[in-house]
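Down below is the structure, laid out as structure tokens.
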Amino acid sequence: MVTRVLVPSGVLGLGFDSQALARGIAKGPDIICIDGGSTDSGPFSLGTGTSKYSRAATKSEWRQLMQARAEAGIPLVIGSCGTCGTDSTVDWMLEITRELAEELGQDLKIATIYSSQPLERLTSALGAGEITALEPAPEISEASLKSCVNVVALAGAEQIGAALATGADIVLAGRTTDTATVSALPLMRGDHPGAVWHGAKIAECGALCSTNPISGVILVDFDDEGFTVEPMAEDARCTPHSVSAHMLYENSDPFILYEPGGHLDVTEARYTALDERRVRVSGSKWVSSNTYTVKLEGARIGGYQTTILAVLRDAHYVANAQAWVDKLKTFVSREISKSMGLGDGDFDLEFRLIGVNAALGSIETKTGTPTEVGVLGIITAGDQQTASEIGKLINPFVLHYPLTSDEELPTFAFPYSPAQSERGALYEFSLNHVLQLKAPMDGFTLTTQDITHAQGW
Amino acid sequence: MPRVGDLVFKVRSKNAGPFWVTIDVFCGQQKAYETVSKALTTERVAELFRQPAKNIKRFDIKDLNVIKFSLPRPIVQGDRFDRDMHGAQWAVLLAEAEIELAA
């Protein structure tokens with residue numbers, strides 16, 4: 001049976017071409033699937049349990065998708081709600097959905113899947129040997145699990161499938177794998193599993209697999225032998241190259257993709273141009289595993305930060321920027337010790353030279369003399385107050401410290417007042433592990449609710 | 001000696017999850033692919049990123065004229081010492097690396 005999946009874009013909040021969406025709806029898809037998250041931007045979203053994207057952008061795009069769903073009469077699914085897919089961001093997405101349902105006058109059955117992992121589940125799984133490290137992984141213990149502020153498990157196609165089986169109009173899922181939302185319905189309908197997972201991976205970033213990535217909208221037809229992918233923007237094309245190259249993107253292995261119940265192997269996949277816009281793919285394999293494991297993501301607080309920024313324009317200091325910060329660091333570390341009684345283990349102070357090697361650090365190979373150098377001081381301490389005290393303490397020295405004792409005190413450019421800024425908590429990723437489950441729903445909670453706003457009698 | 005970036009269409013890098021970074025060398029043409037896949041050794045890449053060569057996974061993908069290198073991030077994404085949250089600037093170092101071509 002052919003299953004037609006419409007993917008409006010790689011992530012909700014990034015925008016899509018509305019005309020391309022309308023063209024996709026006109027083609028009669030069976031389901032609309034979109035991703036809502038990723039770890040791309042770092043651990044802050046998971047640490048705080050908040051969305052990276054603005055509520056306004058999210059709501060505006062979700063409104064269009066809810067309207068498209070109502071018009072087509074098909075399910076709409078979002079995975080990894082609110083970037084990190086914690087319970088709090090699923091609830092945030094639910095609140096937006098409820099507001100829109102009221103504004104649009106829609107009757108809806110909404111299913112939610114919660115992916116946050118309670119500490120007791122994790123510690124008991126650790127004790128039972130059901131948590132396994134991936135490569136490379138930080139060491140974990142009961143204490144390190146306790147130090148995590150948020151842990152989520154990545155749901156797969158099985159949990160999305162369970163939500164769709166409730167007959168929900170809209171599925172709001174917590175953290176899921178990139179491919180889970182797209183693969184669920186075609187798998188339920190018996191399409192070729194290798195083709196389903198491969199097509200889902202190709203479609204998960206929307207039109208990134210086409211010649212016009214920002215147009216967003218992609219349509220994939222799955223069947224019992226392969227899949228066909230077509231971009232919905234008029235000026236976009238999918239070519240065997242654009243489609244096959246997408247397996248490289250953000251994948252450490254371009255041929256193998258691990259999912260909760262097995263893995264996809266595309267080594268033997270064949271890509272054929274059906275015409276100028278559409279590509280047919282077959283030969284992808286799905287290999288089931290004996291165990292069902294879900295990936296875990298966790299964040300913990302690694303300290304609190306205050307930063308300070310100064311700009312050196314004086315050529316003498318620009319030319320000697322590294323020597324200057326080395327000397328400055330030694331001097332202020334002594335001052336911090338003297339005034340605050342803090343030693344090396346109590347805080348970190350790092351100066352990065354913007355214009356010299358701020359992006360690559362010690363592996364930078366290029367040298368030269370820049371016009372100016374930005375000095376970014378990053379202070380990390382056990383609490384915000386200490387980090388900020390250190391920021392204030394070093395402020396006058398960052399402004400005026402001389403390279404040698406026999407020269408006039410310099411004054412550098414501070415771009416704002418105060419020169420130091422509080423960054424709040426520093427979150428760190430704390431897990432690269434998988435959790436073994438006896439049954440897919442064991443680590444997840446599925447709920448449904450009906451809401452009524454349609455006018456009529 | 002020519003630089004990798006002068007010989008190929010594009011070099012791109014990105015995190016592959018918080019614990020890995022992956023670098024794709026899009027050679028464009030088959031001839032460039034054949035030249036660069038020979039001249040750019042895994043050891044050279046390891047030296048460039050100051051990592052042991054055994055940590056680097058290499059894929060020579062002839063059908064796409066792509067050479068791909070994946071390695072565990074020496075500093076995990078978002079760690080206090082991380083300088084490049086998306087790992088996207090690593091590509092520049094490889095693009096600017098000079099390589100010796102076979103005579």
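Given (1) at pLDDT below 95; (2) surrounded by 22 or more Cβ atoms within 10 Å (Cβ to Cβ), where does A:N212 come up short, assuming only one miss?
The failed condition is (2).
Which condition breaks for B:A102 when tested against (1) closer than 30 Å to A:L296 by Cβ; (2) surrounded by fewer than 18 Cβ atoms within 10 Å (Cβ to Cβ)?
For B:A102, the exception is condition (1).
Filter the range B:58-78 for residues that are within 19 Å of B:R44 (Cα to Cα) and within 8 Å of another protein chain (Cβ to nearest Cβ) and give the result.
Passing the criteria: B:F59, B:I61, B:V66, B:K68, B:S70, B:P72.
Just the residues that are out of contact with any Pro (no Cβ under 7 Å at 6 or more places or on another chain) and more than 11 Å from chain B (Cβ to nearest Cβ), please, taken from the range A:235-249.
Of everything in the range A:235-249, those that are out of contact with any Pro (no Cβ under 7 Å at 6 or more places or on another chain) and more than 11 Å from chain B (Cβ to nearest Cβ) turn out to be A:D235, A:A236, A:T239.
So which residues in the range A:407-457 are among the acidic types (D, E) and within 30 Å of A:A111 (Cα to Cα)?
Passing the criteria: A:D442, A:D450.
Every residue, every condition in (1) within 14 Å of chain B (Cβ to nearest Cβ); (2) touching a strand residue (DSSP E or B) at 6+ places or on another chain (Cβ under 7 Å); (3) within 27 Å of A:A299 (Cβ to Cβ), yes or no:
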| residue | (1), (2), (3) |
| --- | --- |
| A:T367 | yes, no, no |
| A:V373 | no, yes, no |
| A:M441 | no, no, yes |
| A:D450 | no, yes, no |
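Got a sec? Which of A:D30, A:D91, A:D35 is assigned by TED's automatic domain parsing to the domain that holds A:I214, in contact with a strand residue (DSSP E or B) (Cβ under 6 Å, 6 or more places away or on another chain) and surrounded by fewer than 22 Cβ atoms within 10 Å (Cβ to Cβ)?
Criteria check complete, one pass: A:D30.
Would you mind listing the helices (runs of 4 or more DSSP H) fully within the range A:97-171 where at least 3 residues are surrounded by fewer than 17 Cβ atoms within 10 Å (Cβ to Cβ) and at pLDDT 95 or above?
Result: A:119-127, A:142-146.
I need a count of the residues in the range A:250-268 that are at the interface with another protein chain (Cβ under 10 Å from one of its Cβ atoms) and either within 22 Å of A:A184 (Cβ to Cβ) or among the acidic types (D, E) (or both).
Residues meeting the conditions: 3.
Among the candidates A:S421, A:S405, A:S430, which residue alone is away from chain B (no Cβ under 14 Å) and modelled with pLDDT of 95 or more?
Of the residues listed, the single one that is away from chain B (no Cβ under 14 Å) and modelled with pLDDT of 95 or more is A:S421.
Any idea which residue in the range A:23-71 is farthest from the other protein chains (Cβ to nearest Cβ), counting only those that are aliphatic (A, V, I, L, M) and free of Cβ contacts under 8 Å to residues at least 24 places away in the same chain?
Ranking the qualifying residues of the range A:23-71, first place goes to A:A26.
Go through the range B:65-91 and report how many residues are crowded, with 18+ Cβ neighbours inside 10 Å, aliphatic (A, V, I, L, M) and in contact with a Ser or Thr (Cβ under 9 Å, 6 or more places away or on another chain).
Here the count works out to 3.
Within the range B:11-47, restricting attention to residues that are within 17 Å of B:D63 (Cβ to Cβ) and within 14 Å of chain A (Cβ to nearest Cβ), which residue is surrounded by the fewest Cβ atoms within 10 Å (Cβ to Cβ)?
B:Q30
Criterion first (at pLDDT below 95 and either of a type in the set (F, W, Y) or in contact with a Gly (Cβ under 7 Å, 6 or more places away or on another chain) (or both)) does A:G206 satisfy it?
Against the criterion (at pLDDT below 95 and either of a type in the set (F, W, Y) or in contact with a Gly (Cβ under 7 Å, 6 or more places away or on another chain) (or both)), A:G206 qualifies.
Does the range A:269-289 include one or more residues that are surrounded by 18 or more Cβ atoms within 10 Å (Cβ to Cβ) and either of a type in the set (D, E) or within 12 Å of chain B (Cβ to nearest Cβ) (or both)?
Within the range A:269-289, one or more residues are surrounded by 18 or more Cβ atoms within 10 Å (Cβ to Cβ) and either of a type in the set (D, E) or within 12 Å of chain B (Cβ to nearest Cβ) (or both).
I need a count of the residues in the range A:320-358 that are surrounded by 16 or more Cβ atoms within 10 Å (Cβ to Cβ) and of a type in the set (G, A, S).
4
The values are calculated or read from the model by the stated rules, or taken from the named source; none is laboratory data. None of these values were measured; they are calculated from a predicted model. Because the Cβ atoms are built from the backbone with ideal geometry, glycine has one as well, and the counts that use them run over all protein chains shown.
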